[in-house]
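In what follows, a single structure is set out as structure tokens and then discussed.
The values are calculated or read from the model by the stated rules, or taken from the named source; none is laboratory data. Just so you know, these numbers come straight off a predicted model, no measurement behind them. So basically every Cβ, Gly included, is an ideal-geometry build from the backbone, and we count neighbours across all protein chains shown.
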Amino acid sequence: MSDTELGRRFASGGEDELEEMINLYGAKLLRYATALLCDHQEAENVVQEVFITAYQNRATFDGINLSAWLYKITYNRSLTQRKRPRMLYFSEVRQEAAPPPEDTDMSEETIYALRRLKPEDRALLYGRIMEEQSYEQLSRLLGRSPAALRKRYERAKKKLASYLADQYDGKEEQKDECI
């Protein structure tokens, strides 16, 4: 079934279409939100909110490009989630929860380096690399021109490479010091 067909059915449908949409996009949106938030548990909450929001607002959805609509909601919810104050409990022993590498297919070093980037840069890198989205698709999602996104993508890629290189250099130095 095509994205457009499911989108049209969802716009006028009910719980069956929601379930189908969750099965089709749930894992993808979770990976996307995890990449934006660098916190798997928060990403799970965001994705649940995304599907609730989509279901509640399905009557206003035009039925075209369901994927872009869901990614846009996920992006906006993730940014909102980052602004919320976090409650920390004394029993929690975590700096910032990192998503388990098996859930994101990313190493701990990559996750740490991604945390240092701005959320929009993470969204751009994730969209281009993991989801293979075009600059035009990302333009609709991020509200910037494709040309501006191309330039920002190049800068974000260089920053990420630099952060990863810094981590690698630091590990090498630590190994040398321990010998």
- Give the number of residues within region 120-137 that are without any contact (Cβ under 8 Å) to a residue 24 or more places away in the chain, of a type in the set (D, E, K, R) and not in a helix (DSSP H, G or I). 1
- Can you tell me which residue in region 19-45 is nearest to THR80 (Cα to Cα), limited to those that are among the acidic types (Asp, Glu) and either at pLDDT 90 or above or in contact with a helix residue (DSSP H, G or I) (Cβ under 7 Å, 6 or more places away or on another chain) (or both)? GLU42
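Give region 36-87 a look and list any residue that's part of a loop (DSSP other than H, G, I, E, B), over 12 Å from the mean Cα position of the chain (by Cα) and not basic (Lys, Arg), or say none.
ASN57, PHE61, ASP62, GLY63, ILE64, ASN65, PRO85, MET87
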- Message: Looking only at region 98-118, filter to residues that are out of contact with any Cys (no Cβ under 8 Å at 6 or more places or on another chain) and over 15 Å from TYR163 (Cβ atoms); which one of those is modelled with the highest pLDDT?
- Response: ASP105
